[in-house]
Amino acid sequence: MVDSSKPAPAAGEAAKSAPKPQNPAMKMMGMPNFRFKLPSRNWMIFLTVAGSFTAAIVYDRREKRRAQQKWCDLVAHLSRETLPVEETRRKLTVFLAAPPGDGLRNARDHFKEYVKPILVAAALDYNVVEGRREGDIRAAFAEQIRKQRRRAGEASTVVEDSTTQDVIEQARQAIGVRDEPGPKGDLILGRHTWKEYIRGLHEGWLGPLDPLPQPAPEEVPAVEVPETPEQAEKKEEEKREEEKKPAKPTGPKPAYIAPIDYPSQNLPPSFPQTLDSATPINFPHLLGFLNTPIRIYRYLNQRYVADSIGQDVAAVVLASHTQPYTDDSSVADADASPTLSTPSDSAKTTASPNTYTFQSELQHEEADWHKSVHKKDEVNPDREREWTDAMVLDPRIAGRLQRYVLLAEEQSRAQRIDAGEEYIIGEERPPRMSVFQKAWIKYGYGEDPEVAKKKPIYGNIDGEDA
């Protein structure tokens, strides 16, 4: 029985609630009846957060590529310069080590992402020195300097094994190939690698060429105890199992000299008047779940890191102006009697002849290191820690260390390149292409017109006039 007390719905309301009939053509194709409407409250929140995060990533990566392209175009004119056939390209040395608490892969990715594109744009050669543990870079760099001193004629009892690089250099010298004349330089990634680099620099030039004799371990007479056949067989089996296991990686080589012995050492006769430029490169690396907000912020602001690193690398590539690592414009007297300079690694102190700016280079990175790095070694508390110990400097070496910086005119030219007012020296900026044309060239079957201009044009090879 129908309740007559309830009013009947109006005709307009019934028409609004009825679904709109589907297009017959779409219905015949089997398409569902889509009803376009505003998303719900929860969907609106999700789409807003996801869209904002995606937009921030896209904007940051675009500005990052733009900053890298600016510095690449600033140095790209060097790749157009021709060299004689008997000269090899200028080579830089890159030092990278595994960041504290992590593996070497992160350092490699950082180099390939921020440093390598600028070196490739300038067509410069580079040699990479890697370190997997604390002390590897220090030992490798010090050994390079000792090898250089032996080649200069200093007496040593160490017999060097010829490496592949030595054979290549000897072959080049035999046919008359020489290095490109010009300044060289070193790029050091991260604060931890920078401290090892400075330590290895002092060890290589102030330390001896021959390793120090290690004290022989005291032999304790063993008490012979009769063994049963079962015990002897068990020991033989354990010995065979130990031989089958792969050799465990040994730690870094011990240092040839302690920092406290710097003042008592004389400079070698092959010590140069000026050292190669050494430029530390920013390497932000933070671990830990509780640091997720900071890591997300850095992930969305990689454009600033690319711009800062690009400027430092471009300065080394151009090598137009050097600046000493001193607080004042004058360099400390290199021939004065050596004295230890061990200021704290906190902030810069007042200008003085024995205060150097590279003691505080990239110091903010130490706060990001894993807490296990700062723990003291309870087993061997007197062991040297290259990463956590303060820098110990010798003015004779520290006063001759320098770095490359960009001139004001080069910085202004980089700004004009970024604004689109200039381009690579000696070239005209190619016309801008639309986004659709770039996507068609990259993912479709199109061809870049600039690349097409550089292709060789052959005549009618099969014809008579070929």
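The values are calculated or read from the model by the stated rules, or taken from the named source; none is laboratory data. These numbers come from a predicted model, not from an experiment. Ideal geometry is used to build each Cβ from the backbone, glycine not excepted, and the neighbour counts take in all protein chains shown. Quick note on the areas: whole protein, heavy atoms, side chains included, nothing else; ligands and nucleic acids left out. Shrake-Rupley method; radii C 1.70, N 1.55, O 1.52, S 1.80 Å.
Would you please give the FRET efficiency between LEU287 and GLN144, computed as 1/(1 + (r/R0)^6) with r the Cβ-Cβ distance and R0 = 22 Å, to the nearest 0.05?
Details: r = 31 Å, r/R0 = 1.40.
Here the calculated transfer efficiency is 0.10.
Charges only on Cβ, +1 for Lys and Arg, -1 for Asp and Glu: so what's the dipole of the range 63-177 about the Cα centre, in debye to the nearest 20?
The dipole of the range 63-177 has a size of about 340 debye.
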(Q) Compute the distance from the alpha-carbon center of the range 38-98 to that of the range 364-424, in whole Å. (A) 22 Å
**Q.** Surface accessible to a 1.4 Å probe, per residue, for the residues of the range 45-140, Å²
**A.** 49 Å²
Q) Between VAL379 and VAL49, how many nm apart are label points set 7 Å from Cα along the C-beta direction? A) 4.6 nm
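Could you work out what % of the accessible surface of the range 276-329 is carbon and sulfur, using a 1.4 angstrom probe and leaving DNA, RNA and ligands out of the count?
Roughly 54 percent of what the probe reaches on the range 276-329 is carbon or sulfur.
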Q: Residues in the range 92-134, backbone N under 17 Å from the label point at ARG298 (7 Å along the Cα-to-beta-carbon vector): list them, ranges by number please.
A: 97-115
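When the accessible area of the range 80-198 is split by element with a 1.4 Å probe, what percent falls to carbon and sulfur? Walk me through the numbers before you get to the answer.
Numbers: 2870 of 5910 Å².
Solvent-exposed carbon and sulfur of the range 80-198 make up 49 percent of the total.
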Q. What list of ³J(HN,Hα) couplings, whole Hz, do you get for the range 368-379 from phi and the Karplus terms 6.51, -1.76, 1.60, once you set θ to phi - 60° and write x for glycine and proline?
A. 8, 5, 5, 5, 5, 6, 7, 6, 7, 7, 6, 6
Q) Given the range 29-142 reduced to its alpha-carbon atoms as identical point scatterers, what log10 I(q)/I(0) does the Debye formula return at q = 0.20, 0.22 Å⁻¹? A) -1.13, -1.18
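Can you tell me the FRET efficiency between ALA152 and GLU233 if r is taken as the Cβ-Cβ distance and R0 is 56 Å, rounded to the nearest 0.05?
For R0 = 56 Å, the calculated efficiency reads 0.45.
Counting only heavy atoms of protein chains, what accessible area per residue, in Å², does the range 375-466 have with a probe of 1.4 Å?
Details: 7070 Å² over 92 residues.
Value returned for the range 375-466: 77 Å² of accessible area per residue.
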Q. Of all accessible surface on the range 369-452 at a 1.4 Å probe, what whole percent is carbon and sulfur?
A. 52 percent
Q) Ordered by residue, what ³J(HN,Hα) values in Hz, to whole numbers, does the range 64-72 give under the Karplus form 6.51 cos²θ - 1.76 cosθ + 1.60, where θ = phi - 60° and Gly and Pro are x? A) 5, 5, 5, 5, 5, 5, 4, 6, 5
Q.
What FRET efficiency comes out for ARG80 versus THR163 if R0 is 25 angstrom and r is the Cβ-Cβ distance? Round to the nearest 0.05.
A. 0.15
